[in-house]
Amino acid sequence: MTSLGRIQKSLLNHNLHTTHNSELECKEDYVKCVNDSRCIPKFLWCNGKVDCADGSDEEMCSCLDQIDNNKICDGRFDCFDGDDELNCFGCGNNSFSCLDWTRRDPKGMCVSLSRRCDGVTQCPNKKDELDCSILTPSPINHDTVINYKYKDGYFFKNWKGNWYPVCPETQTWASDACLEGTGSLASEPPTITVNMNMKKEKRNLGQYIAMMPWGQVKLLNDCFAEIAFVLCTNQKKI
C-alpha cells in the first residue's frame, strides 16, 4: 500500500470515530478534528505535525502512514515502533536485521524487537542499542511518530522494543538523547524540566520509565502526571 493509500485509510477510520451530530461542517477537502473544534485541510492529516487541538490528526496515524516508501526496509529505524524495519532482509515478523542493505549479506543476523535497547548488545555493529533515547516535539502517542532528530522536546526512552515517557529526572539518559539528536557532546548538562499538565489519561502515555539510584531500569504506573522535557545546551562536535 502506498503512503497516500495508508493516509486515506486513516481518514476513513477517523470518519467512523468522529461525532456526526455536530453543527460544524467542513468544506470539501477539509476534515474535522475528533473534538469538532475545527476543520483542517486533508493534506495536513498525518503530516507529522499536530494541527488539531486534541492531536487527533496525528494520533490516528501510524508512522507508516507518514513515512516515505524508500525508508521502509532501508536498514535504519525511522519509526519509533520499528515497523519500517520489521520483516525485512529475510528476518521474520517482529525481528530486524543487524546489517543494513549496503552490506554484502542481505540478511545477516536477525534480532527480536523485544531485545532492542535492553542494555545487552546483540548486533556486532551495536545497531540494537542505538537511538534508544529521543526527544519529540509533542507528547502524543510516540509509537506513531517518525524518528526525526530534535535538540529539545518531550523525553522518551526505548526499553526492550517499546517506548516510554521518562519519569524525571534522569540526567544520563538526557545526555544520550541530546547526543543522538544533535550528533555532538554537550558542553554543559542538558536542562530537564517537567510538564505537570500532561495528564496520563488525556494523552494515554501508559507506563513511565525511570532509572533507579542503583542504575536499575524500572517501569512505573504513575509519575504524578509529569513528563520530562529536555533542552539540550550548547553542543561541541566530537
The residue that is farthest from CYS132 (Cα to Cα), considering only those in the stretch 213-238 that are at pLDDT 50 or above and among the aliphatic types (A, V, I, L, M), is ALA225
Checked the stretch 59-92 for anything over 16 Å from the mean Cα position of the chain (by Cα), polar (S, T, N, Q) and modelled with pLDDT under 85; matches are ASN69
The residue that is nearest to PRO139 (Cα to Cα), considering only those in the stretch 1-58 that are of a type in the set (A, V, I, L, M), out of contact with any His (no Cβ under 8 Å at 6 or more places or on another chain) and modelled with pLDDT of 55 or more, is VAL50
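The values are calculated or read from the model by the stated rules, or taken from the named source; none is laboratory data. It should be emphasised that the depicted structure is a prediction, and the values quoted were computed from it without experimental measurement. No Cβ is skipped: glycine too gets one built from the backbone with ideal geometry, and neighbour counts run over all protein chains shown.
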